[in-house]
1. Being among the hydrophobic types (A, V, I, L, M, F, W, C) and more than 10 Å from the ligand (Cβ to nearest atom) is the filter here; which residues of the stretch 38-68 pass it?
2. What number of residues in the stretch 89-126 are free of Cβ contacts under 8 Å to residues at least 60 places away in the same chain, assigned to a helix (DSSP H, G or I) and open to solvent by less than 60 Å² (accessible area, probe 1.4 Å)?
3. Would it be correct to say that Ala122 is touching a His at 6+ places or on another chain (Cβ under 8 Å) and within 12 Å of the ligand (Cβ to nearest atom)?
4. Within 14 Å of the chain's Cα centre (by Cα), open to solvent by 30 Å² or more (accessible area, probe 1.4 Å) and within 13 Å of the ligand (Cβ to nearest atom), is that true of Arg83?
5. Taking the stretch 39-88 as the search range and keeping residues that are among the hydrophobic types (A, V, I, L, M, F, W, C), in contact with a Gly (Cβ under 8 Å, 6 or more places away or on another chain) and assigned to a loop (DSSP other than H, G, I, E, B), which one is nearest to Asp25 (Cα to Cα)?
6. If I filter the stretch 25-47 down to residues being in contact (Cβ under 8 Å) with a residue 40 or more places away in the chain and open to solvent by 40 Å² or more (accessible area, probe 1.4 Å), which single residue comes out as farthest from Ile65 (Cα to Cα)?
Amino acid sequence: MTLHLPPGLAVTMVDHVGIAVPNLDAAIDFHVGTLGGVLVHREINEEQGVEEAMISFGASGGTQIQLLAALTPESAIAKFISRSGPGLQQLALRVPNIDDAMATIRASGLRLLYEQARRGTANSRINFVHPKDTGGVLLELVEPASTL
Ligand code: MC0
């Protein structure tokens, strides 16, 4: 798959991959108990309509798995599961500055889902690029609360 990202997007790493799950506790049990990950963060994000849990692997951290459960039937996660079933829902790329990244995406003609960045996990700032503009992947841009 080719993601048609503009060359100027200053991605520093894959921040996380998001998995839509029907039952958050069961998914945490699997990722921690069976896969050996560590639950490093859990929160409810009402605006996004999700309860989410971050799973980290290995001593150095790095790319995490984000488990996403719907809070309401209108949630993007509920719609995704009813259409496609549980599974990979998004790829999140870390950027040093979300406003710069959004400007670059806009200049490239790709569709951002939000006019302004919104609050994401652990007080990060996030936006999304429409999956129809990225080769079929819902792409999240994330600026962590403290840029690493
Ligand atoms: C929909 N489509 C996807 C997709 N969701 N393709 C790939 N990956 C996805 N996740 C496809 C559909 O199959 C359809 O294709 C086309 O996009 C348009 O579908 P739609 O009817 O407009 O679909 P909706 O209503 O489900 O909306 C899709 C959209 C929505 C991406 C706009 O899910 C959205 O606003 N997502 C951003 C917010 C979000 O995902 N929040 C939850 C994570 P066809 O070919 O049938 O036309 S919150 C989060 O991630 C935070 C906490 C964080 O990380 O910090």
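1. Correct list: Val38, Leu39, Val40, Ala53, Ile55, Phe57, Ala59, Ile65, Leu67.
2. Residues in the stretch 89-126 being free of Cβ contacts under 8 Å to residues at least 60 places away in the same chain, assigned to a helix (DSSP H, G or I) and open to solvent by less than 60 Å² (accessible area, probe 1.4 Å): 3 in total.
3. Taking the combined requirement at face value, the residue satisfies it.
4. Against the criterion (within 14 Å of the chain's Cα centre (by Cα), open to solvent by 30 Å² or more (accessible area, probe 1.4 Å) and within 13 Å of the ligand (Cβ to nearest atom)), Arg83 does not qualify.
5. By that ranking, first place goes to Leu71.
6. Kept after step one, since they are in contact (Cβ under 8 Å) with a residue 40 or more places away in the chain, are these residues of the stretch 25-47: 27, 41, 43, 45, 47.
Among the residues that remain, those that are also open to solvent by 40 Å² or more (accessible area, probe 1.4 Å) are: 41, 47.
Details: His41: 11, Glu47: 20 Å.
Here the answer is Glu47.
The values are calculated or read from the model by the stated rules, or taken from the named source; none is laboratory data. If you're wondering where the values come from, they're calculated on a predicted model, not measured in any experiment. In this analysis, Cβ positions are derived from the backbone assuming ideal geometry, glycine residues included, and neighbour counts consider all displayed protein chains. Accessible surface is based on the protein model in full, side chains and every heavy atom, while ligands, DNA and RNA are left aside. Shrake-Rupley method; radii C 1.70, N 1.55, O 1.52, S 1.80 Å.
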